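First up is the structure itself, then whatever we jot down about it.
The values are calculated or read from the model by the stated rules, or taken from the named source; none is laboratory data. Everything numeric in this text was worked out from a predicted model, so none of it was measured. Ideal geometry is used to build each Cβ from the backbone, glycine not excepted, and the neighbour counts take in all protein chains shown. Accessible surface areas use protein heavy atoms only, side chains included; no ligands, DNA or RNA. Shrake-Rupley method; radii C 1.70, N 1.55, O 1.52, S 1.80 Å.
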Amino acid sequence: MRERVFAKDNFNAFDFSIEDLKNGNIDSEYIDEIASKTCVYIQYTSDKKKYYIGESDQYLIKGSKKGRFYEHLQEDDSVAGNITFNMFDRVLIINSRFLKGNGKVLETKLLKYIDTEFKVISGRTLVNKRINQPHAEELSQDIELKLFPELWVFLKEKDFVKNDLTEVEKNPIKYYSPFGKSFDDIQKKSIERVIEIGQLTSNESRFLIKGEPGTGKTFIVATAVIELIRLGKKVAIIVNQSSMSKIYKELFNLIPSSKKPFIGSLATFENNLKNNHIVLSDFSMIIVDEAHRLKQSQGKHNYLPGTYVLDRNNMELTELDVIERYGLNIILMYDEFQLIRDSDIDIQRFKERVRGYEEIELEVQYRIQSTNISAENYTKGLRNLLQLEDVKYDNSIFGNGYNFKIVNSLSELVDYIKQKTNSSNKNARLLSGFYKEWISKGTDAFEWREAIYGVNLKWNTPNDKLGKKNWLTYTSERELQFKEVGCIHIAQGMDLDFAGVIIGKDLDVITDTNGEEILVANRKNYFDTNGIPINGTDVNNERLTEYIKKVYYILLTRGIYGTAAYFENPQVKEYFQKKLFDQ
């Protein structure tokens, strides 16, 4: 018999040979301790290269060959836990006084952490089904604080894993592991399709995934890319915003260099190709997150040094054309309500360009947490209030479903973020539209001065002074959470626990000839130089008005659990107040 038994403070571990289990060559005392009891098990190969993790209260049934173990012996080759097909020759069975009723809790946590671990060490494979794997929704303090930490130390001692638990805890990839996550049908289909396209030998696939803020576009990208890395595929993630690029780079930071996806702007990708730092044929696909920020040959921003990849003599050329010329499979993540500059590809032009693309639209709102009213009502309500779209919504979400409120002063808004930060919400931040001229630029100057507002605040530290850190990490480490204000270019694509949004004097309200209140841009109070249409091309400020309203739509959809808004323009505050609470 080749059995090994280990008794720990919070669990027992039984390491058996598959052959011994099949032939009944296990000490009956050990069978008595395992049979018909809740356990978590790891079927694996002796060389520690392949693993399957499961949970059952009948892995073994004494005197019977009907337990889960025998099911795994007889399963079809397509079933993940099949012992014969995977050539598993050993199984580690874990039981504990904490597992009764909680087997799924330990199984889910093991799957998530070992899946994360195997992304950063080579030669290990976890064969479990990855999308919509049944998992536990609840937590167990006994498992979280007692059993799991001790079990991880044991697994490291026995060479099942390599890294300390603290190292795995710090790896942000675990938040994007498919284990422990439930996907709606559209998300599941999207992830599976991206993974499928990433494995094709042909390069003709074009896939457009549309969705409003918070529907999971970035999560789909991260989940699919992590799985493609596991499958040995190399992917390019094009994201034109430096802030989003840093978030992705931090996510994949611990992935070995040979497996890492390319992450950066299209200009950076193009320059790397020209300088032979990367080879196009190494990539299975290009994924563009925030594809609404792809550029066209108009406006000012695409002429800035180091960012230009278009032809100034061809006004029809767009960055999407450049991407298509690479001849790779393409995935685009898109939201038409997040275009904020003339240099972003015009909506109609974009729609014409992607007419032949396979298309799917995400519908369920996941970022906004609402207690008793569908969260989609919040984003629809904002689009209605900001006059971006005439859409029906349940107005009561602003008072009863989602934690939204209007405050009366900037100092009250700062106190809101302080309160949330002090309550262990590490990602509570101040955000604002671009109505203040940027004078601080990393200096000690303030855009919002105490003499006027009761508090001193400055714009966010510029990207070039953040180093490799993203703004959230940088401000947390320096305790600047309620001292800096994030602009649209740092906040787009960002998830916050709570957001405090300053709605500035760049937005005004007028009454038309029919007595209707209309939101309009105040051009003299808008200071995003590259966001202002070229002189003479936007006489009535119609495009600028759309951009400013979309900026506030983006900022007001960053907060997961709540948003507070301070209006510098009293007329705009009155407009919102009437629409939200006085009807």
**OP:** Beta carbons within 10 angstrom, averaged per residue: use that to sort the peptides 217-225, 237-245, 447-455, highest first.
**Re:** 217-225, 237-245, 447-455
Subject >> For the stretch 219-345, the spread of Cα positions along each principal axis, largest first, Å >> reply: 41, 33, 23
**OP:** Using a 1.4 angstrom probe on the protein heavy atoms only, line up 204, 212 by accessible area, largest first.
**Re:** 204, 212
Original post:
Under a straight-distance cross-link criterion of Cα-Cα below 26 Å, which lysines are reachable from residue 351, leaving out those fewer than 8 residues away in the same chain?
Top reply: 188, 189, 210, 217, 295, 300, 380, 392, 549, 550
Original post:
For the stretch 345-446, rounded, prolate or oblate, judged on the Cα gyration tensor with a ≥ b ≥ c (square roots of eigenvalues), a/c < 1.5 rounded, else prolate if a/b > b/c?
Top reply: oblate
**OP:** Starting from the Kirkwood radius over alpha-carbon pairs of the stretch 446-583, derive D by Stokes-Einstein at 25 °C in a medium of 0.890 mPa s and give it in µm² s⁻¹.
**Re:** 147
Original post:
Classify the stretch 186-260: rounded, prolate or oblate, from the alpha-carbon gyration tensor (a ≥ b ≥ c, eigenvalue square roots; a/c under 1.5 rounded; otherwise prolate if a/b is larger than b/c)?
Top reply: oblate
Subject >> Residue-by-residue Karplus 3J(HN,Hα) for the stretch 84-97, coefficients 6.51, -1.76, 1.60, Hz, glycine and proline x >> reply: 5, 4, 7, 6, 5, 10, 9, 9, 9, 10, 10, 10, 6, 5
Original post:
Per-residue ellipticity at 222 nm for the chain, helices alone: DSSP H runs ≥ 4 residues times -39500 (n - 2.57), over residue total, nearest 500 deg cm²/dmol?
Top reply: -9000 deg cm²/dmol
Subject >> In sequence order, calculated HN-Hα J values of the stretch 108-121 (Karplus, 6.51, -1.76, 1.60; Hz; x Gly/Pro) >> reply: 4, 5, 4, 4, 5, 6, 6, 4, 5, 4, 6, 6, 10, 10
**OP:** Go through the stretch 375-384 residue by residue and turn each phi into a ³J(HN,Hα) via Karplus (6.51, -1.76, 1.60, θ = phi - 60°); whole Hz please, and just put x for glycine and proline.
**Re:** 5, 4, 5, 5, 5, 5, x, 5, 5, 5
**OP:** Rounded, prolate or oblate: pick one for the stretch 1-155, where a ≥ b ≥ c are the square roots of the eigenvalues of its C-alpha gyration tensor, a/c under 1.5 means rounded, and failing that, prolate if a/b is larger than b/c, else oblate.
**Re:** rounded
Subject >> Alpha-carbon centroid distance for the pair the stretch 222-276 / the stretch 419-436, whole angstrom >> reply: 28
**OP:** Once you have the Kirkwood Rh of the stretch 494-548 from its Cα pairs, apply Stokes-Einstein at 25 °C and 0.890 mPa s and quote D in µm²/s.
**Re:** 189
Original post:
If you average the sequence gap of Cα pairs under 8 Å that are 6 or more apart and divide by the length of the chain, what percent do you get for the contact order?
Top reply: 11
Original post:
Once the convex hull of the C-alpha atoms of the stretch 86-234 is built, how many Å³ does it hold per residue, rounded to a whole number?
Top reply: 140
Original post:
What accessible area per residue comes out for the chain, rounded to a whole number of Å², with a 1.4 Å probe?
Top reply: 43
Subject >> Distant-in-sequence amide H partners of residue 208 (H built 1.01 Å from N, under 5 Å) >> reply: 332, 358, 359, 360
**OP:** Please state, to two decimals, what the Cα-based radius of gyration of the chain comes to when divided by 2.2 N^0.38 Å (N = residues).
**Re:** 1.09
Subject >> Placed amide H near residue 485: partners under 5 Å, 5+ positions off or other chain >> reply: 458, 459, 460
